[in-house]
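Notes follow once the structure below has been shown.
The values are calculated or read from the model by the stated rules, or taken from the named source; none is laboratory data. Remember, it's a predicted structure, so these values are computed and weren't measured experimentally. Every residue, glycine among them, receives a Cβ derived from its backbone with ideal geometry; neighbour counts consider all protein chains shown. Accessible surface areas use protein heavy atoms only, side chains included; no ligands, DNA or RNA. Shrake-Rupley method; radii C 1.70, N 1.55, O 1.52, S 1.80 Å.
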Amino acid sequence: MKSSLRTVRLALAEPLRISRSTMAARDAVWLTVEHDGLRGHGEAVTSVYYGLGTETLVRLLTAVDLSRFADPESALEALRAGELPGGDTPPAVTAAVESALLDLAGKRAGLPVHRLLGAAAPPVAATARTIGITAPVHAAAQARGLAARGFEVIKVKAGAPDPEDDIERVRVIRDAAPRARLLLDPNGAWTPAQADALLPRFADLGVEAVEQPLAPGDPEALAALARRAPLPVIADEDAVNLEDVRRLAGRVHGVNVKLAKCGGVHAALRIAQLTEGSGTALMLGCLTASTLGLAPAVHLADRARWTDLDGHLLLAHDPWTGIGGTDGTVRTSGLPGLGVEEVAAREDVA
């Protein structure tokens, strides 16, 4: 097998402000693996939070030697055994490599990835759509537009310097989209005392669950908050890998599984197996990325209670297609592999 890399810029349709930062664009590094005339693709995106810049991603992906494997199936076996790419490789790189190999293996078998993973029916799920920390009038307009397009779940970013701004944003979104299920995500902006004071007010506004309300690094505090909170508490930044989830399983109401955070599809499946029957449900999340970056998670969408796979919907231009989402529902295409196609490639063919 041989592999190649390409770096592209992903600009957002509008800057996304969360409690700790504002983002207008990020780079994506695309990995293509080729064998017997077929190609598999994976994507890793830059992240300030995870300390992954463009040069670092390119260097780490270049260091992954896939030429020593006879086919993608044997490379996937090595990856599942922890022998590829290597023990100290960041999870986002492992996830991108696995994505390309799964895409290629599916195309070789003539099967979509979800079939390789044992699911017979194509996964379909209502995805949340994120509204950032923004002025109430803009948030209300976004919520009305999303509801009109068919979105049933809206995720609202919180953690503004004045918590009353968060309350008002949720209130106007609730008024603008009265039938929508609302999720709240402060990205770790609150103290336990603030969470105790604010969560009952958000519960009264109909918020269904809150993601990582407390600063990460103290999972005991998060578990204690979950015991007394008036709505479900989902761990995100405190639930990075399998061991983190092991500490929290049965103690929080949910864990946000992002493939770039945990290390890919099979790492996510291990987390799902660990939490089964524990009372801790799965949320499938994502970073802002293209359809290529989100596609592997869509093949797992039938396993989650909450689906938040809207990263591609935040882009000014998505260079890939194949998972839908513009109507509030993500779905696999049924094509072999990940079932995605590069938009430019499709236009060239046309």
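General observations
- Residue in the range 134-147 that is in a helix (DSSP H, G or I), closer than 23 Å to V257 by Cα and open to solvent by 20 Å² or more (accessible area, probe 1.4 Å) present: no
- If the condition is being in contact with a Lys or Arg (Cβ under 9 Å, 6 or more places away or on another chain), small (G, A, S) and part of a loop (DSSP other than H, G, I, E, B), then the range 61-107 contributes only S67.
- Residues being touching a residue at least 60 places away in the same chain (Cβ under 8 Å), surrounded by fewer than 20 Cβ atoms within 10 Å (Cβ to Cβ) and of a type outside the set (G, A, S) are represented in the range 60-69 by at least one member.
- The strands (runs of 3 or more DSSP E) located wholly in the range 1-56 that include 1 or more residues which are surrounded by 18 or more Cβ atoms within 10 Å (Cβ to Cβ) and among the β-branched types (V, I, T) occupy 22-35, 38-45.
- Unique match (being within 18 Å of A297 (Cβ to Cβ) and surrounded by fewer than 23 Cβ atoms within 10 Å (Cβ to Cβ)) among A109, A100, A126: A126
- Cβ-Cβ distances below 8 Å connect the following pairs, each with a first residue in the range 78-89 that is modelled with pLDDT of 90 or more, a second residue that is acidic (D, E) and open to solvent by less than 30 Å² (accessible area, probe 1.4 Å), and a separation of six or more residues or different chains: L79/E98.
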